[in-house]
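The values are calculated or read from the model by the stated rules, or taken from the named source; none is laboratory data. Computed from a predicted model, the values in this text were never measured in an experiment. In this analysis, Cβ positions are derived from the backbone assuming ideal geometry, glycine residues included, and neighbour counts consider all displayed protein chains.
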Amino acid sequence: MTHFLQSIYMGCQAKSQKFQRQFGDSSQPIVATNCAGEHLQAGHLLGVVNVYRHFVDMAKSHKTLKCVRTTSISPWAEFPFNVKIIEVAEALQMHIRMRIIATVILIPCALGPARASTKPGALLSLPLGQTSEAESELQAGTQLTRQGRFSEAIPHFLAARGHVTDEYAANFNLALCYVGTSQFNQAIQILDSLEEEGHSTPAVRNLLAQAYVGDAQPEKAFSAFQQAVQQTPFDEKLYLLVADACMDHESYDLGVEVLDVGLRHLPHSARLHYERGVFLTFQNQPDLANSDYETATKLAPGTDISYMALGQDNLLEGNIQSAIKITRLAIRSGHENYILLTILGDAVVRAGTLPDQPLFAEAQAALEKSIAERPNYAASQLALGELFLRAGRLDDAIAHLDQARRLSPTNTAVYSHLAIAYRREGLVGEEQRMLAMLSELNQEQAKKYKADSPSKPGYVASGQAIRKTSQ
């Protein structure tokens with residue numbers, strides 16, 4: 001603690017001379033209150049903003065500091081400010097942090113000591129007002145973000161910006177929410193500003209790469225991604241998050257590039273091999289995909305990844321019954337996740353299972369559980385829509401198929417199944433609308449010389465499913 005206080009003293013003394021020349025005596029008065037709520041005129045603070053920033057930077061580096069008690073001024077009589085170290089109650093610590101300390105301890109000696117009680121235990125603080133409310137907004141937004149409720153979190157972060165101690169957290173989390181709600185341009189602007197302010201962290205560059213993917217700027221996305229890799233080349237999550245963004249936006253070529261880089265640094269990552277297998281499946285390269293699925297299975301036998309890879313591989317090869325057997329075994333063994341549940345449901349649909357068979361109800365339960373866990377997973381919405389279509393539950397089928405269309409608007413299978421559902425409902429206009437959209441989508445994809453699905457039977461990807469169907 002002594003070393004910390006000496007560091008504060010030396011640092012502020014050096015700065016104060018500079019700021020005295022720069023700012024003179026033209027600062028705003030600082031008003032504080034004691035524990036009885038009485039207002040105290042503490043004087044004018046020279047160069048308040050810059051001294052504050054310097055002081056807070058030093059305070060943040062002292063991780064063990066919890067409170068500073070009232071201390072005599074005599075050891076620092078030569079210091080050009082009267083110094084009072086104020087006790088900070090732990091109950092206020094999360095709200096005021098070092099901001100209050102940095103504001104109230106420096107008082108110009110020319111104006112004399114503050115008219116305040118100096119007895120040990122006296123508490124001084126600035127009126128919290130908007131700052132306290134902003135800290136609460138930041139906490140509320142953070143909690144909503146952890147729950148994946150990005151749209152609800154955005155107003156809280158907007159209210160907190162510019163009024164909280166941790167501005168980086170407020171801005172980064174706001175950018176994260178913008179990416180999560182597909183407001184990519186807003187996210188890019190915030191992340192660019194963070195970099196300009198010196199926050200060129202791997203997390204910022206990772207999120208910036210995801211935002212550029214969503215904004216259809218692959219070159220900038222890959223550049224930001226490479227910068228993040230230079231900082232944390234062995235962070236598996238970096239590659240997975242950017243790859244997931246590529247999958248969500250059907251940037252399959254970029255996704256393979258991202259995973260290729262990841263596997264150069266982490267060649268024994270079963271998860272990266274599995275993810276690359278999924279992307280290669282979308283690229284209509286089944287042999288390479290099979291190789292990655294097999295490698296993933298060997299690297300992590302008996303794990304979720306292993307069962308997912310085996311399930312995907314069997315779907316790709318058209319071994320539908322094997323896919324059903326493997327996924328059922330995995331789920332019963334405790335390796336349950338939304339992807340395995342979807343692979344099971346999708347395989348049951350492909351097997352032609354009828355509504356009166358026990359496996360049909362099992363598949364429905366699996367898909368409903370998958371959607372409850374990950375409602376924005378297009379593959380499970382599509383598979384459940386197909387299942388309800390087969391059962392003649394047309395309203396339910398249309399609801400899930402339409403949700404799949406919103407989540408994966410370039411998936412041709414969604415439109416063909418919706419056309420069938422609308423036809424059976426007698427909604428000829430909606431049927432024709434779906435067929436027209438399907439035709440337009442096929443023409444667009446033909447121009448890009450990219451198939452809309454592999455040539456072999458279907459599969460479930462980590463972000464969505466695409467497969468051809470016949471009417």
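Couple of notes before you dig in:
- The one condition in (1) modelled with pLDDT under 95; (2) crowded, with 22+ Cβ neighbours inside 10 Å that Val258 fails to fulfil: (1)
- Applying the condition of being surrounded by fewer than 17 Cβ atoms within 10 Å (Cβ to Cβ) and among the small types (Gly, Ala, Ser) to region 368-414 and asking which residue is farthest from Gly426 (Cα to Cα) yields Ala372.
- Residue within region 350-360 that is part of a helix (DSSP H, G or I) and under 27 Å from Asn284 (Cα atoms) present: yes
- Close Cβ contacts (under 9 Å, 6 or more residues apart or on different chains) running from residues in region 403-414 that are over 17 Å from Ile371 (Cβ atoms) and in contact (Cβ under 8 Å) with a residue 24 or more places away in the chain to residues that are aliphatic (A, V, I, L, M) and surrounded by fewer than 23 Cβ atoms within 10 Å (Cβ to Cβ) comprise Thr410/Leu441; Thr412/Leu438; Thr412/Leu441.
- Of all residues in region 275-285, none are farther than 24 Å from Ala379 by Cβ and surrounded by fewer than 24 Cβ atoms within 10 Å (Cβ to Cβ).
- For region 313-357, residues that are among the aliphatic types (A, V, I, L, M), closer than 22 Å to Arg393 by Cβ and surrounded by fewer than 17 Cβ atoms within 10 Å (Cβ to Cβ) total 2.
- Selection count where residues are within 26 Å of the chain's Cα centre (by Cα) and farther than 16 Å from Val349 by Cβ, scope region 370-401: 5
- In the set Leu310, Leu315, Leu329, only one residue is in contact (Cβ under 8 Å) with a residue 40 or more places away in the chain and either assigned to a helix (DSSP H, G or I) or in contact with a Leu (Cβ under 9 Å, 6 or more places away or on another chain) (or both); that residue is Leu315.
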